1. Relative contact order of the chain: what whole-number percent is it, with Cα pairs under 8 angstrom and at least 6 residues apart?
2. What residue among I129, I54, S81 has its Cα farthest toward the positive end of the dipole of the chain, where the charges are +1 on Lys, Arg and -1 on Asp, Glu, each on the Cβ?
3. Express in nm, to one decimal, how much length is gained between E138 and H30 on full extension, taking 0.36 nm for each residue of separation and deducting their alpha carbon distance.
4. Report the charge-dipole magnitude of the chain in Debye, nearest 20, computed about the Cα centre from +1 at each Lys and Arg Cβ and -1 at each Asp and Glu Cβ.
5. Please work out the FRET efficiency for the pair S148 and E58, using the Cβ-Cβ distance as r and a Förster radius of 25 Å; give the result to the nearest 0.05.
6. Considering the dipole of the chain built from charges on the beta carbon (Lys and Arg +1, Asp and Glu -1) around the Cα centre, which of T97, S39, Q25 is farthest to its positive end?
7. Using the basic label-point model (7 angstrom from Cα toward the beta carbon), what is the A130 to Q105 distance in nanometres?
8. So if I take the centroid of the Cα atoms in the stretch 11-81 and the same for the stretch 102-159, what is the distance between those two points in Å?
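What follows is calculated from the coordinates using simple rules that are stated; it is not laboratory data. What you see is a predicted model; the values in this text were computed from it and never measured. Positions of Cβ are generated from backbone atoms using ideal geometry, with glycine treated the same way; all protein chains shown enter the neighbour counts.
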Amino acid sequence: MAFLIRRAVPEDAAALADIRWTGWQETYAHLLSPQFLASMEPTPAMVERWVDTITTAERLAVAEVEGAARGFALAGDSEESDAPRALQLFILYQYATEHGTGTGQALLDAVLGDEPAFLWTAEENPRAIAFYSRNGFEPDGARVVSESWENLAEIRMVR
């Protein structure tokens, strides 16, 4: 399947909000309650925040398949005081239908290349952990549990 990796534009905002929300449902349904996931459904205010992000982010790429956004990745300067690297991968989401097509790899390459970076991922997300491990990321022992996210545990991975 052919795809295009391109810079995000403001017209992508609603699609990015939907990809992220759908990604949470497809990836975290075994970790988060249906009520919690439903509460994350995109709103007009969320879409507007995506417009703002798109217009200011330097490292925001979209995977387009057959003219439609199907995934995206966002990276940038970390704001964490104890960041192990200056560059952080904040988001890489795509619809589950895109898994295994190469779009995830192309998105990661587009926003990070081979630069040293770090990311946080759910501790119980073996698919993501395997993907990031193939790309040189390793857990560094940092772990957080987010009470506001129904005690979702995340681990930090660094390369």
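1. Reported relative contact order: 22 percent.
2. Of the listed residues, the answer is I129.
3. Values: separation 108, 0.36 × 108 = 38.88 nm, distance 2.37 nm.
Full extension of this stretch gives 36.5 nm more.
4. Taking the Cα centre of the chain as origin, the dipole is about 320 debye.
5. 0.30
6. Going by the Cα projections, it comes out as T97.
7. So the label points at A130 and Q105 sit 1.4 nm apart.
8. Measuring centre to centre over Cα atoms gives 16 Å.
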